[in-house]
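First the structure, in the form of structure tokens, and then the observations on it.
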Amino acid sequence: ILPKLEKGDRVNIDFKPKEKETSPPKHYTIETLNNYLKNPFREEKAEASEQDDAEDYRAIFEGLELGTEATRTGIIDNAKSSGYIELKKDSYSILPDGEYLIKSLTRLKISMDKYKTSELGKALKSVYHGDMTVDESVMLCRREIAEIFETGGANPLPKAAFVDTGK
């Protein structure tokens, strides 16, 4: 927090660099990964305001989660069987294939971050709650896929490839 300064105030400008070593982020445990998938925006919301269980429930109800309670185990198992992550002594670590996947997605400008993933999850919850039709949800996914090909692929497909045929 900076102090309120007025014109002409004297300020300490004797800044010296400090040599420090950073530490890598902690690995996810089974519990922390499940909690993250359940509410990936918890830390951001906690910083913005006081967090309570009602707000957590509201976020889950709205679809601001990654996967569902029923699909999370399968998502994690797929990542493990694909060789992206491994579980050792109750702690997940990323493997070289997982790093390669992330670098490839970044290079192709394909966003698979928690914002994009939860946005699509919200659409599924909207279908469940009757606020959106299945067709509207499918069109949202088609637009996302078309955008990936338009911006990330070396040989993008024409937009006509994503026209709704009604099937």
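Suppose R0 equals 45 Å; then what is the FRET efficiency for Lys116 and Lys7 from their Cβ-Cβ distance, rounded to the nearest 0.05?
E(calc), rounded to 0.05, equals 0.45.
For the range 19-38, the residues whose backbone nitrogen is under 15 Å from a point 7 Å from the Cα of Arg72, taken along Cα to Cβ, are 28-38. Taking each residue as 0.36 nm, the span from Arg142 to Arg107 lengthens on full extension beyond its C-alpha to C-alpha distance by 10.5 nm. Looking at this model, which pairs from Lys26/Lys114; Lys4/Lys26; Lys80/Lys103; Lys26/Lys125; Lys38/Lys89; Lys80/Lys114 are more than 27 angstrom apart at the alpha-carbon? Check vs 27 Å cut-off fails for Lys4/Lys26; Lys26/Lys125. Shape annotation for the range 105-151: C-alpha extents along the principal axes are 37, 20, 8 Å, from largest to smallest.
Each reported figure results from applying straightforward, stated rules to the coordinates on display, with no laboratory input. Here the structure is a predicted model, which means the values were calculated and not measured. Positions of Cβ are generated from backbone atoms using ideal geometry, with glycine treated the same way; all protein chains shown enter the neighbour counts.
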